[in-house]
Amino acid sequence: MSVSVQLNVNGKPVTVDCPANTTLVDLIRERLELTGTHVGCDTSQCGACTVHLNGRAVKACTVLAAQCEGAEVTTIEGLGDTDNLHPMQEAFRECHGLQCGFCTPGMIMSAVDLVHRESSINEQVIREGLEGNICRCTGYHNIVRAVETAAKKMRN
Amino acid sequence: MYDFNYHKPGSVDEAIQLFLAAEDGIYLAGGHTLLPSMKQRLAAPTDLIDLAGIRGLSGVEYAGADLEIGALTSHDEVATSPVVRSVIPALAELASLIGDAQVRNRGTIGGSVANSDPAADYPAGVLGLGAEIVTNKRSIAADNFFTGMFETALEEGELVTKIRFPKPDAAAYVKFPNPASRYATVGVFIARTVSGIRVAITGAAPSAFRCADMEEALTSNFSVEALEGISLDAGEMNSDLHATAEYRAHLCIVMAKRAVRKLL
């Protein structure tokens, strides 16, 4: 079955006709060619595919494109760009919060949602808040520092 | 995942009609069990009936008697709801321990309860609190709802619309999470209610169950020591690569003691 989905991605209206079994992450990567969002496990565990759906972090591999009718989606490309990094992107760079970078877009999208919804940010809140994002390189210390750093900038 | 027909009805009646007309239909709530199952081809329904377009299935209501939570209310909404945190804090805490932040933003209480996953958290809370599962046609007591592994008292096409929780005097939930998935290897929910002490256990057996031995012991003496000497039959426990049946039987006692300690 084919479905027609109208949604808003990074502030731009988009209409896509796709098979009903298309996931949101496939729509983003394959149809819209926004390849900053990654697919790690495709089993809703690793969090590399995390995007914001109506402002909240979700695993885009476990959402159907059809479920996003009328939704606002923000991907890593919508957060900032090379010349104008979001404070979270800047902090990951400053604090060396990545090595291979594969998990980074998902980490950043989760971390931004975390800072938006938690009234106080500390190491424990960050570590628990990022439980849905797996990094196999860094051991998380610099990721935690990056989120702490960004949270201060985002609140100023 | 295989292809399917996608429907987005605007009412409960329409959803049920679509279900009954489908060859092999299934309701879609948050999709955080269904979609992974379809990817693994453990499920291959012909029709997905997305409930997200139906108004009135989401939200928390408390008018001073029972706490009512709509079936499509996400785990995060329950975990962060000031009403739930004030009326039944243990239920909000249970919801905050499910999966991870992204999963909690999508997964729903109705989906979790209707799925009756042996390792899901909500069945322990629903059973421990003596809740009622309200459907499109009746209300089912939690004691009669969870009938087996992924099996419930729901009939073909019957749709959970909300869960009604009586307010307990006090309640606590403690679980031993699987370190990777955070599903409950064993989770124990203990509630002191007007009708007595209720102890419900998830993760250990094919579906959530009440432990009569613990309830009796805690009724006569609500203390950690009262649980000494109680043992659960490992023959009735699940066994898998995460935990043997004997280990799960042991964990039931350990988690129950921790839950009692939280209530003292």
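Where a number appears in this text, it was derived from the coordinates with a stated rule and is not lab data. Treat the numbers as computed from the prediction; the structure is a model and nothing was measured. We place every Cβ from the backbone using ideal geometry, glycine too, and count neighbours over all the protein chains shown.
Remark: residue B:121 matches the filter, which requires a residue to be of a type in the set (D, E, K, R) and touching a Leu at 6+ places or on another chain (Cβ under 7 Å).
A quick yes/no check of all residues on (1) more than 20 Å from residue B:162 (Cβ to Cβ); (2) within 13 Å of chain A (Cβ to nearest Cβ):
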{"position": "B:5", "(1), (2)": "yes, yes"}
{"position": "B:31", "(1), (2)": "no, yes"}
{"position": "B:37", "(1), (2)": "yes, yes"}
{"position": "B:42", "(1), (2)": "yes, yes"}
{"position": "B:53", "(1), (2)": "no, yes"}
{"position": "B:59", "(1), (2)": "no, no"}
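Of the strands (runs of 3 or more DSSP E) contained entirely in region B:1-101, those carrying at least 1 residues that are more than 27 Å from residue A:70 (Cα to Cα) fall at B:60-62, B:66-70.
Residues of region A:30-55 that are under 13 Å from residue A:76 (Cα atoms), hydroxyl-bearing (Ser, Thr, Tyr) and within 10 Å of chain B (Cβ to nearest Cβ): A:50 alone. Annotation: residue B:170 fulfils all but one of (1) within 18 Å of residue B:198 (Cβ to Cβ); (2) touching a Phe, Trp or Tyr at 6+ places or on another chain (Cβ under 6 Å); (3) surrounded by fewer than 24 Cβ atoms within 10 Å (Cβ to Cβ); (4) of a type in the set (A, V, I, L, M); the unmet one is (2). The single condition among (1) within 14 Å of chain B (Cβ to nearest Cβ); (2) surrounded by fewer than 15 Cβ atoms within 10 Å (Cβ to Cβ); (3) outside any loop (DSSP other than H, G, I, E, B); (4) of a type outside the set (Asp, Glu) that residue A:67 does not meet is (2).
Taken over region A:45-64, the criterion of being at negative phi and either acidic (Asp, Glu) or not in a strand (DSSP E or B) (or both) is satisfied by A:45, A:46, A:48, A:49, A:60, A:61, A:62, A:63.
Scanning region B:159-187 for residues that are touching a residue at least 60 places away in the same chain (Cβ under 8 Å), among the charged types (D, E, K, R) and over 13 Å from residue B:119 (Cα atoms) turns up B:162, B:164, B:167.
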